[in-house]
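Participant: Could you have a look at this structure, given as structure tokens, before my questions?
The values are calculated or read from the model by the stated rules, or taken from the named source; none is laboratory data. Just so it is clear, the structure is predicted and the values come from calculations on it, not from any experiment. Using ideal geometry, Cβ is built from the backbone for each residue, glycine included, and neighbour counts are taken over all protein chains shown. Note: areas computed on protein heavy atoms with side chains; ligands, DNA, RNA excluded. Shrake-Rupley method; radii C 1.70, N 1.55, O 1.52, S 1.80 Å.
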2 protein chains.
Amino acid sequence: MKKVKIYITLKQGVLDPQGKAVQDSLQTLGYDGVKEARVGKYMELTVEDGENVEKKVEDMCAKLLANPVIEDYEYTIEEGVTQ
Amino acid sequence: MKKVKIYITLKQGVLDPQGKAVQDSLQTLGYDGVKEARVGKYMELTVEDGENVEKKVEDMCAKLLANPVIEDYEYTIEEGVTQ
């Protein structure tokens, strides 16, 4: 089994109202050192060993998990995870 | 400026319907090697340099960003980011 960790973020320049809300809430709580907050998604997949796992993960991100028009994604693949 | 990256995941054993939906959708698309999917949140904060940044980030996570009853969080702090 492989553990795939996927990080999805909004592209630079795309408005992030959820991030703005987080920043405002942090400032209300007194954390005024926070100058920007951006919120994205984090996914962990447990994937069977096999051929072309990296290619498949790339496809999954582009087709389903992220919206390539407004989002960037990165992933890491860790080998040898026991389920 | 420091860049803080926060990863929030549901604790082991907490039901993750969004992750289940992702897994089902991936299987529908033919990616049947995916045995589990769990969805979390990823946040990037830009924080001013100052004292006790790590302590403040820990507090922000526990008080606002994560729900410690059902979620775990991890974070990394990168130094010297230009805004």
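Participant: Kindly provide the GluC sites (Glu not before Pro) of chain A that DSSP labels as loop, not H, G, I, E or B, and whose Cβ sees at most 10 other Cβ atoms within 10 Å. Intermediate results must be reported in sequence, preceding the final value.
Facilitator: Details: sites: A:36, A:44, A:48, A:51, A:54, A:58, A:71, A:74, A:78, A:79; in loops: A:48, A:51, A:79.
Those that pass, being in a loop and sparsely packed, are A:51, A:79.
Participant: List the extent of the Cα atoms of the protein assembly as shown along each of their three principal axes, largest first, rounded to whole Å.
Facilitator: 48, 34, 25
Participant: Counting only other residues whose beta carbon sits under 14 Å from that of residue A:42, what net charge do I get with K and R as +1, D and E as -1? The partial results should precede the final answer.
Facilitator: On the way: positive: A:3, A:5, A:38, A:41, B:5, B:38, B:41; negative: A:44, A:71, A:72, A:74, B:16, B:44, B:71, B:72, B:74.
Cβ neighbours under 14 Å give a net charge of -2.
Participant: For every other residue with a beta carbon closer than 11 angstrom to the beta carbon of residue B:20, add +1 if it is Lys or Arg and -1 if Asp or Glu, then tell me the sum.
Facilitator: In short, -2.
Participant: Under a Cβ-Cβ cut-off of 13 Å, what is the net charge of the residues other than residue A:70 that fall near it, where Lys and Arg count +1 and Asp and Glu count -1?
Facilitator: Numbers: positive: A:11, A:38, A:41; negative: A:16, A:71, A:72.
With Lys, Arg at +1 and Asp, Glu at -1, the neighbours total 0.
Participant: Go through B:69, B:14 and list them by solvent-accessible area, largest first, probe radius 1.4 Å. Could you put the intermediate results ahead of the total?
Facilitator: On the way: B:69 115, B:14 40 Å².
The residues order as B:69, B:14, largest area first.
Participant: For chain B, what does the relative contact order come out to in percent, with C-alpha contacts under 8 Å and a separation of six or more?
Facilitator: Values: 109 pairs, mean separation 45.1, N = 83.
Reported relative contact order: 54 percent.
Participant: What's the lysine pair count for chain A at a Cα cut-off below 23 Å, pairs eight or more apart or interchain?
Facilitator: Going through chain A pair by pair, I get 24.
Participant: Compute, for chain A, the length of the dipole vector about the Cα centre, with Cβ point charges of +1 (Lys, Arg) and -1 (Asp, Glu) only. Units Debye, rounded to 20.
Facilitator: Values: 11 positive and 16 negative charges, 54 e Å.
So the magnitude is around 260 debye.
Participant: Give, rounded to the nearest 20 debye, the magnitude of the charge dipole that the protein assembly as shown has about its Cα centre when Lys and Arg contribute +1 at Cβ and Asp and Glu contribute -1 at Cβ. Could the numbers behind the result be given before it?
Facilitator: Details: 22 positive and 32 negative charges, 82 e Å.
With Lys and Arg at +1 and Asp and Glu at -1, about 400 debye.
Participant: Are there trypsin sites (Lys or Arg not before Pro) in chain B that DSSP puts in a loop and that have at most 10 other Cβ atoms within 10 Å, and which ones?
Facilitator: Working: sites: B:2, B:3, B:5, B:11, B:20, B:35, B:38, B:41, B:55, B:56, B:63; in loops: B:11.
Nothing satisfies the criteria.
Participant: Continuing with this model, one more query. With a 1.4 Å probe and all protein chains left in place, how much accessible area per residue does the protein assembly as shown have, in Å²? Write down the numbers at each step before the final one.
Facilitator: On the way: 9480 Å² over 166 residues.
Value returned for the protein assembly as shown: 57 Å² of accessible area per residue.
Participant: Grab the DSSP H runs of chain B that are 4 residues or longer, score each as -39,500 (n - 2.57), total them, divide by all residues and round the 222 nm result to the nearest 500 deg cm²/dmol. All intermediate terms of the calculation are to be shown ahead of the outcome.
Facilitator: Numbers: 2 runs with 20 residues, N = 83.
Calculated mean residue ellipticity at 222 nm is -7000 deg cm²/dmol.
Participant: Here is a further query. Using 7 Å Cα-to-Cβ label points, what is the residue A:71/residue A:51 separation (nm, one decimal)?
Facilitator: In this crude spin-label approximation the distance works out to 3.0 nm.
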